[in-house]
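Here is the structure we will look at, set down as structure tokens.
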2 protein chains.
Amino acid sequence: MGHGGGGQMSSELVDHLFLPAFADDTLRQLGDSAVLELLGGRIAFSTDTFVVRPLFFPGGSIGELAVNGTVNDLAMSGAQAIFLSAAFILEEGTDVAQVGAVAQRLGEAARQAGVRVVTGDTKVVESGHGDGVYVSTAGLGVVPEGVDVRPDRAEPGDVVIVSGDIGVHGVAIMSVREGLQFGTDIESDTQPLNGLVAEMLAAHRDIHVLRDPTRGGVATSLNEIARASKVGVRLDEGRLPIPEVVSNACAFLGLDPLQVANEGKLLAFVPRSAADLVLEAMRAHPAGLGACVIGEVVEDHPGLVATTTAFGASRVVDLPVGEQLPRIC
Amino acid sequence: MGHGGGGQMSSELVDHLFLPAFADDTLRQLGDSAVLELLGGRIAFSTDTFVVRPLFFPGGSIGELAVNGTVNDLAMSGAQAIFLSAAFILEEGTDVAQVGAVAQRLGEAARQAGVRVVTGDTKVVESGHGDGVYVSTAGLGVVPEGVDVRPDRAEPGDVVIVSGDIGVHGVAIMSVREGLQFGTDIESDTQPLNGLVAEMLAAHRDIHVLRDPTRGGVATSLNEIARASKVGVRLDEGRLPIPEVVSNACAFLGLDPLQVANEGKLLAFVPRSAADLVLEAMRAHPAGLGACVIGEVVEDHPGLVATTTAFGASRVVDLPVGEQLPRIC
């Protein structure tokens, strides 16, 4: 508990674990807040909390999620992340080496995404509260001139693009959490998407909507966009990039792959005329190699998402009602 | 658990509790991040997490702390807070009415401080993890032209000012947590300090250091400043504004009032020539009515804080080593 009291033990935790992991000159000043120079214009501001269990999983950890989740939320407004804050809630008795490993992974993920961790906070709660480590990050990004990406800008004539395979993060977490083996090893897809988004915007400035289908999956993101934009979305079920291990796992667990969380994928709504250009730019970036069109925006059934099966039948893709898998991020 | 899944139940929680409580047009758009217009210049960025127990206490709640804590961290860089993010970790089974009450108090505190809650997040963890409600806030503020407030700017010749009575928040929490009565009712001093800081900077632009002595109290803040600025700090023990209820409680519990947390007070390091002007401005503001000089910066014992007792004796004021009172904010 002493490490959270703000006294000498707190400052040891900060000096020995967090400062080396995040390696930032502004953070090192340890002011109550970070003071930073910013050009005028539009900024994006976002926050996310991470309570994933287990802390380390195939393909990532809560450290990568904490960076990529917030960097990606900013990117979904077309913004390039520049600064991050990181606030930790540690459970008393948590192995300090484990906290250090989380901090290291967080610091590395930040460097990979090209974003600086400039301010932070640590609290400690009694053993039996919290759960090892929770992390909240907030992020600041800059929205380039002329970019206007919003969930209410989808319009009939737009195509819906996904950047790659869906359902991978959720199934990776389930595989370790439930001790299930699905025949193949599967790793979380957690990755920063800011680089991919920059390439997409360079190819075509007027991207209408971007969204990373995390909790609640592709189904939730598409429903939110359909409602916000008051349009219908029609998916082509045959074109959904669902890896076999994901569809097997979902069949086994009775889940819909469209409702499974992703942590390194995005959905883009783009005017049909620009689709080829955007797809080409995406496929040239490591985070968008598997990019493909999965559907289109229609005037019919505003606010609803429908999918057409290989047999020509149609079904409504709804929001999951409750919790499919708790603590996936 | 369903309320944290990102699906339909999540959106009910957001629509019914958070949006009405925070009443902000940008937040209402529910983008992945808030996009905001900002003039160029220096911004301050800060984050803080709140795990206080109990959630509601005399004089405040975790909602007020979550706003005032971050607004005040920004103010300690001389910045005026403009935008806040709020991220909640809810424990499964927590009374929804209680979550709503926290959100209401948070929204009211934001309006009182003149800051907008523009983005947020909610996660739910299983019953037996977390503890009712944890909140992380991050804040963005603007640093006015010509202001340069930093913990390493204290210099010999500065006087040390405190804005009012010390130790009040910590003793208020102890009184309810431990079921102790200290003869008088005592209420937390949680309040936003941005208005007070604006008045101080208007009176004298070149304030050297500001710090709100929260966890670890006045002792910790002064030690951090002495170390950062490589100067000595000498306190005049007879001038410390310690209310009787605080000194009684501390005597009873074996605590040092200088190490007890405050949530609505600040320490200021100001050139001696400007002290009267700054004090006058402070006393004209409701948050600074009790402002007084408690010490000075000296060339002796750099990095150390010493206090002179009424009998002329001197003692070193050290950082508390561990945790005096867990989960005070």
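Yes/no matrix, rows are residues, columns are (1) in contact with a Lys or Arg (Cβ under 8 Å, 6 or more places away or on another chain); (2) in contact (Cβ under 8 Å) with a residue 12 or more places away in the chain; (3) closer than 17 Å to residue A:172 by Cβ:
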site: A:223; (1), (2), (3): no, yes, no
site: A:243; (1), (2), (3): no, yes, yes
site: A:261; (1), (2), (3): yes, yes, yes
site: A:274; (1), (2), (3): no, yes, no
site: A:283; (1), (2), (3): no, no, no
site: A:288; (1), (2), (3): no, yes, no
site: A:301; (1), (2), (3): no, yes, no
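Would you please name the residue that is nearest to residue B:208 (Cα to Cα), looking only at residues in region B:136-183 that are part of a strand (DSSP E or B) and more than 13 Å from chain A (Cβ to nearest Cβ)?
Our first condition is that a residue be part of a strand (DSSP E or B); within region B:136-183, this holds for B:136-142, B:158-162.
Okay, now just the ones that are also more than 13 Å from chain A (Cβ to nearest Cβ), so B:158-162.
Working: B:158: 8, B:159: 10, B:160: 10, B:161: 12, B:162: 14 Å.
Filtering first and then ranking leaves B:158.
Considering only residues that are more than 7 Å from every other protein chain (Cβ to nearest Cβ) and not in a loop (DSSP other than H, G, I, E, B), look in region A:125-135 and name the one that is farthest from residue A:95 (Cα to Cα).
So the first thing to find is which residues in region A:125-135 are more than 7 Å from every other protein chain (Cβ to nearest Cβ), and the list is A:127-128, A:132-133, A:135.
Narrowing further to those that are not in a loop (DSSP other than H, G, I, E, B): A:127, A:133, A:135.
Working: A:127: 12, A:133: 10, A:135: 16 Å.
Within region A:125-135, the match that is farthest from residue A:95 (Cα to Cα) is A:135.
Residue A:197: in a helix (DSSP H, G or I), under 21 Å from residue A:67 (Cβ atoms) and not assigned by TED's automatic domain parsing to the domain that holds residue A:65, yes or no? Lay out the reasoning, then the answer.
On the way: in a helix (DSSP H, G or I): yes; under 21 Å from residue A:67 (Cβ atoms): yes; not assigned by TED's automatic domain parsing to the domain that holds residue A:65: yes.
Yes.
Pairs please, first residue from region A:50-66 and acidic (Asp, Glu), second anywhere and surrounded by fewer than 22 Cβ atoms within 10 Å (Cβ to Cβ), Cβ atoms under 7 Å, 6+ apart in sequence or on different chains.
Taking only residues 6 or more apart or on different chains, the pairs are A:64/A:105.
Conditions (1) surrounded by 23 or more Cβ atoms within 10 Å (Cβ to Cβ); (2) more than 8 Å from chain A (Cβ to nearest Cβ), marked per residue:
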position	(1), (2)
B:36	no, no
B:53	no, yes
B:101	no, yes
B:106	yes, yes
B:112	no, yes
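Conditions (1) at pLDDT below 95; (2) of a type outside the set (A, V, I, L, M); (3) over 28 Å from residue B:3 (Cβ atoms); (4) in contact with a Pro (Cβ under 9 Å, 6 or more places away or on another chain), marked per residue:
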position: B:41; (1), (2), (3), (4): yes, yes, yes, yes
position: B:67; (1), (2), (3), (4): no, no, no, yes
position: B:72; (1), (2), (3), (4): no, yes, yes, yes
position: B:75; (1), (2), (3), (4): no, no, yes, yes
position: B:78; (1), (2), (3), (4): no, yes, yes, yes
position: B:94; (1), (2), (3), (4): yes, yes, no, no
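Can you tell me how many residues in region B:240-283 are over 25 Å from residue B:326 (Cα atoms) and of a type in the set (S, T, N, Q)? First the steps, then the outcome.
If we filter region B:240-283 for residues that are over 25 Å from residue B:326 (Cα atoms), which is where we start, we get B:268-283.
Now restrict to residues that are of a type in the set (S, T, N, Q): B:273.
Residues flagged as over 25 Å from residue B:326 (Cα atoms) and of a type in the set (S, T, N, Q) within region B:240-283 amount to 1.
Residue A:58 versus (1) over 20 Å from residue A:15 (Cα atoms); (2) surrounded by fewer than 21 Cβ atoms within 10 Å (Cβ to Cβ); (3) at pLDDT 95 or above: which is the lone unmet condition?
(3)
Looking only at residues in region B:114-124 that are under 16 Å from residue B:47 (Cα atoms) and not β-branched (Val, Ile, Thr), which one is farthest from the other protein chains (Cβ to nearest Cβ)?
The first filter runs over region B:114-124 and keeps only residues under 16 Å from residue B:47 (Cα atoms), leaving B:115-121.
Subset that is not β-branched (Val, Ile, Thr): B:116, B:120-121.
Working: B:116: 10, B:120: 6, B:121: 5 Å.
My answer is B:116.
Can you find a residue that is among the β-branched types (Val, Ile, Thr) and either facing chain B (nearest Cβ under 7 Å) or touching a His at 6+ places or on another chain (Cβ under 9 Å) (or both) anywhere in region A:58-65? Don't jump to the end; show me each part of the working.
As a first pass, look at region A:58-65 and keep what is among the β-branched types (Val, Ile, Thr): A:62.
This time we only want the ones that are either facing chain B (nearest Cβ under 7 Å) or touching a His at 6+ places or on another chain (Cβ under 9 Å) (or both), so: none.
Checked region A:58-65: no residue is among the β-branched types (Val, Ile, Thr) and either facing chain B (nearest Cβ under 7 Å) or touching a His at 6+ places or on another chain (Cβ under 9 Å) (or both).
Can you tell me which residues in region B:52-83 are touching a helix residue (DSSP H, G or I) at 6+ places or on another chain (Cβ under 6 Å), closer than 24 Å to residue B:31 by Cα and outside any helix (DSSP H, G or I)?
Within region B:52-83, just B:81 meets the criteria.
How do the pairs read when you match residues in region B:184-202 that are closer than 19 Å to residue B:174 by Cα with residues anywhere that are in a helix (DSSP H, G or I) and of a type in the set (Asp, Glu), using Cβ under 9 Å and keeping only pairs 6 or more apart or on different chains?
From region B:184-202, the pairs are B:184/B:244; B:188/B:64; B:190/B:64; B:191/B:64.
So which of B:223, B:262 ends up being in a loop (DSSP other than H, G, I, E, B) and either in contact with a strand residue (DSSP E or B) (Cβ under 7 Å, 6 or more places away or on another chain) or at pLDDT 95 or above (or both)? Don't jump to the end; show me each part of the working.
On the way: B:223 fails: in a loop (DSSP other than H, G, I, E, B).
Just one listed residue meets the conditions, B:262.
On the given criteria, is residue B:26 within 11 Å of another protein chain (Cβ to nearest Cβ), touching a residue at least 60 places away in the same chain (Cβ under 8 Å) and surrounded by fewer than 24 Cβ atoms within 10 Å (Cβ to Cβ)? Give the steps one after another, and end with the answer.
Working: within 11 Å of another protein chain (Cβ to nearest Cβ): yes; touching a residue at least 60 places away in the same chain (Cβ under 8 Å): yes; surrounded by fewer than 24 Cβ atoms within 10 Å (Cβ to Cβ): yes.
Spelling it out, residue B:26 is indeed within 11 Å of another protein chain (Cβ to nearest Cβ), touching a residue at least 60 places away in the same chain (Cβ under 8 Å) and surrounded by fewer than 24 Cβ atoms within 10 Å (Cβ to Cβ).
Applying the selection to region B:170-206, what residues are out of contact with any helix residue (DSSP H, G or I) (no Cβ under 6 Å at 6 or more places or on another chain) and β-branched (Val, Ile, Thr)? Steps first, answer last, please.
Just the residues of region B:170-206 that are out of contact with any helix residue (DSSP H, G or I) (no Cβ under 6 Å at 6 or more places or on another chain), to begin with: B:170, B:172-181, B:183, B:185, B:195, B:198, B:201-202, B:205-206.
Hits for region B:170-206 are B:173, B:176.
Could you tell me which numbered condition residue A:40 fails, if it satisfies all but one of (1) surrounded by fewer than 24 Cβ atoms within 10 Å (Cβ to Cβ); (2) touching an Asp or Glu at 6+ places or on another chain (Cβ under 7 Å); (3) within 8 Å of chain B (Cβ to nearest Cβ); (4) of a type outside the set (D, E, K, R)?
All conditions are met except number (2).
Keeping to region A:45-85, report how many residues are touching an Asp or Glu at 6+ places or on another chain (Cβ under 8 Å) and aliphatic (A, V, I, L, M).
Residues in region A:45-85 being touching an Asp or Glu at 6+ places or on another chain (Cβ under 8 Å) and aliphatic (A, V, I, L, M): 6 in total.
Residues in region A:205-222: is at least one β-branched (Val, Ile, Thr), over 14 Å from the mean Cα position of the chain (by Cα) and surrounded by fewer than 24 Cβ atoms within 10 Å (Cβ to Cβ)? Working first, answer last.
Taking region A:205-222 first, the residues β-branched (Val, Ile, Thr) are A:207, A:209, A:214, A:218, A:220.
Those still in the list that are over 14 Å from the mean Cα position of the chain (by Cα) too: A:207, A:209.
Keeping just the survivors that are surrounded by fewer than 24 Cβ atoms within 10 Å (Cβ to Cβ) gives A:207.
Within region A:205-222, one or more residues are β-branched (Val, Ile, Thr), over 14 Å from the mean Cα position of the chain (by Cα) and surrounded by fewer than 24 Cβ atoms within 10 Å (Cβ to Cβ).
Is there a residue in region A:245-254 that is in a helix (DSSP H, G or I), buried (at least 16 other Cβ atoms within 10 Å of the Cβ) and in contact with a Phe, Trp or Tyr (Cβ under 6 Å, 6 or more places away or on another chain)?
The answer is yes; a qualifying residue exists.
Restricting to region B:290-324, what's the tally of residues that are modelled with pLDDT of 90 or more and surrounded by 13 or more Cβ atoms within 10 Å (Cβ to Cβ)?
The total comes to 17.
The values are calculated or read from the model by the stated rules, or taken from the named source; none is laboratory data. Being a predicted model, the structure only gives us computed values, none of them experimental. Neighbour counts run over all protein chains shown; Cβ positions are idealised from the backbone, glycine included.
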